[in-house]
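The values are calculated or read from the model by the stated rules, or taken from the named source; none is laboratory data. Remember, it's a predicted structure, so these values are computed and weren't measured experimentally. Every residue, glycine among them, receives a Cβ derived from its backbone with ideal geometry; neighbour counts consider all protein chains shown. To get the accessible areas, we keep the full protein, side chains included, count just its heavy atoms, and leave off ligands, DNA and RNA. Shrake-Rupley method; radii C 1.70, N 1.55, O 1.52, S 1.80 Å.
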Amino acid sequence: METITSKIDSSNISFLQFLIIFICFFLNIIDGMDVLVISYTAPVIASSWDISFEALGVVFSSGVLGMAIGALLLAPYADKIGRKKIILISTIIISIGILLTGFSANIYHLIFLRFLSGIGIGTMLASTVSLVSEYTPNRSRDFWVSFILAGYPIGAILAGYLSNYILKYYSWEVVYIIFGIISIFFIPIIYFFLLESVDFLLKNQPKNALSRVNLILKKLDFSKIDSLPNKVNLDSKIPVNSLFQAKHIDSTIKLWTAFFFSFACLYFLISWIPKMVTELGLSLELGIYSGTVFNIGAFFGIVAQGYFSSKFGLKKIISIFLIVTFIIMTQIQHFFGSDWMLLIFGVLGFTIQGGFVGLYSVAARIYPTEFRTTGVGWGIGAGRLGAVLGPLVAGILIGTGISISMNFIIFAIPALIAALVTYMVSIAD
């Protein structure tokens, strides 16, 4: 495995590697569309069904809870049955959940189907991170992991524009039906064009592993191997216990803490920005565009973070991004009602998403191939608990009369905590 890994590290990125990168990039676009569609359609659903702030918070949190379950329980199976199979399964789950949401008859259907979609989304993120980290050279790995995750805000941007356009002419249900069909389109692309991780095939040695490895090596223009390395006797169970080995436990706890607090801050923002803008007296259309501007900033922030992390160090850049997020959120009340409001949302997207996404690269560097997806998945899962609490607590606070500006100050504190903890994580170079 070391020979193939060193070849990947020392060689230029091939067409096959770019194909894997861009498939994962587009899958994360689909993820972003399907996660954020609820935020863009929430004002219309709330008006149509007369839903309270508290109930809407439950809808937001149900999807995030599903993402936590997917990351914790389903994503780790990528370390047992393969990255490709889990990515395919998660795409099918997402497609079914989103499509059926368009046929929801009441809030209970909506909560359940957002939960189901979330399971697929949480599984997808961890698996694509592992696959891309195993196909990219060490010198640019942080950039490419960040790059594929930059598809997420692009999906959110597309969700904003498409939702706004569709809602002008049709009901909110049609939005989900169309998004579900788009997700289904990617199922055959994954099946026919996405390849399994070489690292996974060498370590786990499933049926026909040698021929599958050599086929991939041929496409990479690497020399074939005559035999597989000695197989390590891996535990048949999902290797969650490995995360708490003496070598990894300190980094695991710090990673989970950073994920938890950054998720809480991020999901407060992405769930409530469109609704909060309308509460400030602006139009629904402007509320949707505020979320879009936030995600435009997020795309550039994620790419910038990946670039600067490869130059100046991953932990340092993440911490800077999150500290700037803290500063902006504590001062945002000075911009309410001004022409600068949309720009501030864009800058917030740049800093919080850029810093947050860097944590995926941190997770991929902490853990070895044998339980990398488990480590990434459980880090995301632990963080999703913060993502569940963020929108839910915000809904309660807003419903009890606490001002929007005070909510921003309250949720700025998790960004600061995440910055400090991230800087203390030990990772491999």
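Hydropathy first: keep DSSP H helices in the chain averaging at least -1.0 on Kyte-Doolittle, then drop any whose Cα extent along the axis falls short of 18 Å, and list what survives.
Answer set is 15-49, 53-69, 83-101, 107-135, 151-169, 172-193, 249-279, 284-312, 314-331, 341-366, 372-399, 404-423.
Are any of the pairs LYS85/LYS311; LYS7/LYS85; LYS218/LYS254; LYS254/LYS311; LYS218/LYS315; LYS207/LYS254 more than 31 Å apart by Cα-Cα distance, and if so, which?
Distance filter (> 31 Å) returns LYS85/LYS311; LYS218/LYS254; LYS218/LYS315; LYS207/LYS254.
Treating the Cα atoms of the stretch 331-374 as identical point scatterers in vacuum, please give the log10 of the normalised Debye intensity I(q)/I(0) at q = 0.23 Å⁻¹, two decimals.
So the normalised log intensities work out to -0.77.
Tally up the carbon and sulfur contribution to the accessible surface of the stretch 288-429 as a whole percent, 1.4 Å probe, everything protein left in place.
Carbon and sulfur atoms account for 74 percent of the accessible area of the stretch 288-429.
If I compute solvent accessible area with a 1.4 Å probe over the protein chains, what percent of it on the stretch 76-119 is carbon and sulfur?
Roughly 78 percent, rounded to a whole number.
What percentages, rounded to whole numbers, describe P(r) for the chain computed over all alpha carbon pairs with 10 Å bin width beginning at zero?
Taking all Cα pairs of the chain, the binned fractions are 5, 23, 34, 24, 11, 3, 0 percent.
So for each of 362-375, 215-228, 28-41 I average, over its residues, the number of other beta carbons within 10 Å; can you give me the resulting order with the highest mean first?
28-41, 362-375, 215-228
Restricting to DSSP H runs of at least four residues, report the calculated mean residue ellipticity at 222 nm for the chain, -39500 (n - 2.57) per run over all residues, nearest 500 deg cm²/dmol.
-26500 deg cm²/dmol
Beyond 22 Å between alpha-carbons counts as too far, so tell me which of LYS80/LYS203; LYS203/LYS224; LYS84/LYS203 fall in that bin.
none
Tell me, what is the per residue accessible area of the chain in Å², probe radius 1.4 Å?
39 Å²
Hey, with R₀ at 30 Å, roughly what FRET efficiency would TRP49 and ILE181 work out to, going by the Cβ-Cβ distance, to 0.05?
0.80
Show me the ranking of peptides 405-412, 55-62, 348-355, 124-131 by mean Cβ neighbours inside 10 Å, starting with the highest.
Put in order of decreasing packing, that is 124-131, 348-355, 55-62, 405-412.
If Lys and Arg each add +1 and Asp and Glu each add -1, what is the summed charge of the other residues whose beta carbon sits under 12 Å from the beta carbon of GLY180?
Charge balance near GLY180 sits at -2.
For SER403 paired with GLN245, estimate the spin-label separation in nm (one decimal), with each label point 7 Å from Cα along the Cα-to-Cβ line.
Calculated label separation equals 5.3 nm.
For the stretch 112-202, what's the relative contact order in percent, using C-alpha pairs closer than 8 Å and at least 6 residues apart?
Relative contact order of the stretch 112-202: 30 percent.
Dipole magnitude of the chain about its Cα centre, charges +1 at Lys/Arg Cβ and -1 at Asp/Glu Cβ only, in debye to the nearest 20?
I would put it at about 1060 debye.
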